[in-house]
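Chemist: Pasting in a structure now, in structure tokens, and then I'll have a few things to ask.
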Amino acid sequence: MEEGNEALPPPLPQADVPEDADQPPPIPMNQDEDQAAAAAAAEPMEDESAEGDASAAAEPMDDEAAGGGAAEPMEDDAPTSSPTPSAPSATAAVDDSTVARKRRRRKKQFLDMVPTEGVRVLRASSSSAAAAAHLAGIPRRRGRPPTNSSLRLARELDSEALIALAAGFPADTLSEDEVAAAVLPRIGGADQANYLVVRNHILALWRSNPLAHVPSNAALASIRAEHAPLVAAAHSFLSDHAYINFGLAPSIVSLPPRPPPSLPAPSVLIVGAGFAGLAAARHLMSLGFKVAIVEGRHRPGGRVFTKTMRSSAADHPDMVAAADLGGSVLTGINGNPLGVIARQLGFPLHKVRDKCPLYLPDGRPVDSDMDSRVEASFNQLLDKVCQLRQVVADSVPHGVDMSLGMALEAFRAAHGVAAEPQERMLLDWHLANLEYANAAPLADLSMAFWDQDDPYEMGGDHCFIPGGNSQFVRALADGVPIFYGQNVRRIQYGCDGVMVYTDKQTFRGDMVLCTVPLGVLKKGDIDFVPELPTQKREAIRRLGFGLLNKVVMLFPFDFWDGRVDTFGHLTEDSGQRGEFFLFYSYSSVSGGPLLVALVAGESAINFEKRSPMENVEKVLDTLRKIFSPKGIEVPNPLQAICTRWGTDRFTYGSYSYVAIGSSGDDYDILAENVGDRVFFAGEATNRRYPATMHGALLSGYREAANIVRAARKRAKSVQSSEKIHVNNEVKVIVRDLDDLFHIPDVAFGGFSVLHDPSTSEPDSTSLLRVGIGARKLGSGSLFLYGLIMRKNVAELAAMEDDEQRLSTLYRDFGTKLVGLDGLGDAGESLISRIKAASRK
């Protein structure tokens, strides 16, 4: 697999390095957004001991224990590195004359789209303090201010609810996963209210110190014993779904695996060793499952890949830098599980600084007043689009979708926005940034749902990991069985298990988790047998999978402004607005003078049609137009790499987007499993966090929990025996379909047949079972089933081999082989008659 193409122009003689070329170390992170919000919500506390008796049954928190030992708001940020004591501050790193602006990969969030229903925000100055006092059993006279203990309890509940919100939970109701997991026997009432407090408290305990394992009895230190069942339910759910006790801290990794849901332990095959596959594998292994990953590349990580760039020039022999060719930025650190893992591993975080100067094609800086004016107009255009889609949604019953680009252009023309050439170039830059955010031309984006994930964006700073994100990959892959160089061609599944066929060998398991990129599914490179449900195939077709490319260049020295992490370039050609429109400086995090040019929109597609050398020359020409007028020499790079994610046969693109005619529902459909045998994970299955590294990681944890639930369900089904009544006595018959097929009516090759016991008519229906694959380790074959007329059985038996029989089955008899649960009503009725006859 070709990750990128190198282009190595001969280096020019090294220029003198300016005195101020040394890169500043990573600057301190801003305060965790959850902590800031929690602090803002609460008034200053007086340092007094708790008063009153906390014994109300409706409130599971012990007031004294909660006041003295409740968890602080989470700190997701790992400590930021400071190599030297004199590290410059954030303010020192920004020119005072320049207004800081955010040029990060952030989409505009419309306030009217943020869900607020069911969100409890407790305030010390509101009635929540009185409610907390009442729940804690503290008497309060009319007109008397609340006591310090009740205020403290209200603040703690508030901060813990904020932590739950940051982790993706609704603060005042059960999540869909909690409902599906049946954490409570009955939804609503006091038990649910108490469960939510318990759940939020356990989550806060973990996030306050993710370096230590949180046992279930830890929460009981501040919760009354009568609520122990709620603690057990909440702790079990949070552990199964990797909301707590996940990651790579030594205390977590050293834990022994939990007992599996059945013996022998269920086996899971995982296709793809990206973030989703690695997260699922580690979590399933901790839950006692047997796991193996099948990976087409010869490395883990998928679309997350850090390339070590080295100089081959004699005068710069030691120049080395780490470059992220794929996923590179942690987009929001608050609540981000990658922030937790970074903290566990001791990885420093480097905040992407807000300052992003923009340059005209001739190298002149963009006028700040014009910049502010056009940016405001751009946001107003987005507001107009938001209003339009609301009108359409209200007036058209089934909705009408159109291109986001078309809607923006219509409003731009109608309101005369960016009529001057420089204004139009500046507006094009913002449009290119939007195309970067979605990895797609605006003409392909759904006006109705392009930003459906905005309400769920992680808060906090955007950050780099110094040294690159492959550090995460290596740590997650450590100790996980991975079969590299296995290009998966077919996934076959039935009621007895799954088979994964690669171009080298065949793997068998109880379940399979498919984590390949959406581009591979759209391309159809993997055959699913039986075919995936129509609804899922349609979702795969509707969702978009876009493209973003990079030119990564290692220079002999840093000739750009080392005080910025990003700078932008405007172009006169609207059709090429996404070509090298944004540059990322990695000098402060890569170990060397590294510069990355981004290519988005239509330009990303055209980029792959040119040679790497041509693309590098175009980037250098752009850089020289920016810096040469300032008297700054732009040297040839020591090494350069051009990515080509669109032609990479393991991805066929970069990340997903909501195309015209699609919606967020398609992410959910893509995430649905098939028959509790075939599961799906990856960023394109995560409705809330698509197109992100943390979205992929969370989808892996999600599907690991779903696989556990399916395995437990299957184990219960096997343990429950059939019961029949004979002479008023209950007799247990341990006999399933597999037992009956041990003595079939007819057997030939890999085929077995059970006839309908109620008739011997030639046109009656028989149940056919076909074994696929050889028996291994006593685990049996994978079986598929079909319905066939009794008179056709003899014809099949007379044929020479199974290949001829299968061909005849499909072509002449019209029989389709499916899993046992795909036989329909006719199949279920036939199986019932066969089982009933066996009891006589």
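The values are calculated or read from the model by the stated rules, or taken from the named source; none is laboratory data. This structure is a prediction, so every number in the text was calculated from the model and none was measured. As a convention, Cβ positions derive from the backbone with ideal geometry for all residues, glycine included, and neighbour counts pool all protein chains shown. Quick note on the areas: whole protein, heavy atoms, side chains included, nothing else; ligands and nucleic acids left out. Shrake-Rupley method; radii C 1.70, N 1.55, O 1.52, S 1.80 Å.
Chemist: Using 1/(1 + (r/R0)^6) with R0 = 45 angstrom and r between the beta carbons of K716 and S254, what's the FRET efficiency to the nearest 0.05? Numbers along the way, then the final one.
Modeler: On the way: r = 31 Å, r/R0 = 0.69.
The pair K716/S254 has a calculated efficiency of 0.90.
Chemist: Also, I was wondering about something else. For the range 509-666, divide the Cα radius of gyration by the Kirkwood radius and give the resulting Rg/Rh value with two decimals. Numbers along the way, then the final one.
Modeler: Details: Rg = 19.6 Å, Rh = 18.0 Å.
With Rg and the Kirkwood Rh in hand, the quotient comes to 1.09.
Chemist: Which value, in debye to the nearest 20, describes the size of the charge dipole of the range 348-436 about its Cα centre when Lys and Arg Cβ atoms bear +1, Asp and Glu Cβ atoms bear -1, and nothing else is charged?
Modeler: Dipole about the Cα centre, nearest 20: 220 debye.
Chemist: A further question on this structure: Separation between the T506 and S395 pseudo-spin-labels, each 7 Å from Cα along Cα→Cβ, expressed in nm?
Modeler: The modelled label-to-label distance comes out at 6.0 nm.
Chemist: Now a separate question. For M447, M319, write out the residues from largest to smallest accessible area, computed with a 1.4 angstrom probe and no ligands counted. Mind showing how you got there, number by number?
Modeler: Details: M447 5, M319 40 Å².
Output order, biggest surface exposure first: M319, M447.
Chemist: Now, a different point. Could you look at the range 389-477 and say what percent of its accessible area is carbon and sulfur, using a 1.4 Å probe and all protein chains? Walk me through the intermediate numbers first.
Modeler: Values: 1870 of 3220 Å².
The nonpolar share, carbon plus sulfur, comes to 58 percent.
Chemist: Now for a different question. Full-extension gain between R541 and L211, please, as 0.36 nm times their residue separation minus the C-alpha to C-alpha distance. Intermediate values should be presented prior to the final figure.
Modeler: Working: separation 330, 0.36 × 330 = 118.80 nm, distance 4.22 nm.
Extra length available between R541 and L211 comes to 114.6 nm.
Chemist: In this model, which of K290/K716; K351/K618; K550/K618 are farther than 21 Å apart at the alpha-carbon?
Modeler: Working: K290/K716 19 Å; K351/K618 29 Å; K550/K618 13 Å.
Over 21 Å Cα-Cα: K351/K618.
Chemist: Extending each Cα 7 Å along its Cβ direction at R364 and D318, get the distance between those two points in nm, one decimal.
Modeler: Between R364 and D318, the label points sit 4.4 nm apart.
Chemist: What is the range 475-553 by shape, rounded, prolate or oblate, if you read a ≥ b ≥ c off the alpha carbon gyration tensor as root eigenvalues and call it rounded for a/c under 1.5, prolate for a/b larger than b/c, and oblate otherwise?
Modeler: Working: a/c = 2.13, a/b = 1.14, b/c = 1.87.
Verdict is oblate for the range 475-553.
Chemist: Here's something else I'd like to know. For the range 369-383, list residues with backbone N below 18 Å from a point placed 7 Å from the Cα of A414 toward its Cβ?
Modeler: Answer for the range 369-383: 377-383.
Chemist: Which FRET efficiency, nearest 0.05, do F748 and K522 yield, Cβ-Cβ r, R0 30 Å?
Modeler: 0.15
Chemist: Starting from the 7 Å offset along Cα-to-Cβ, what nm value, one decimal, do you get for the label separation of E803 and Q387?
Modeler: Result: 6.8 nm between the two label points.
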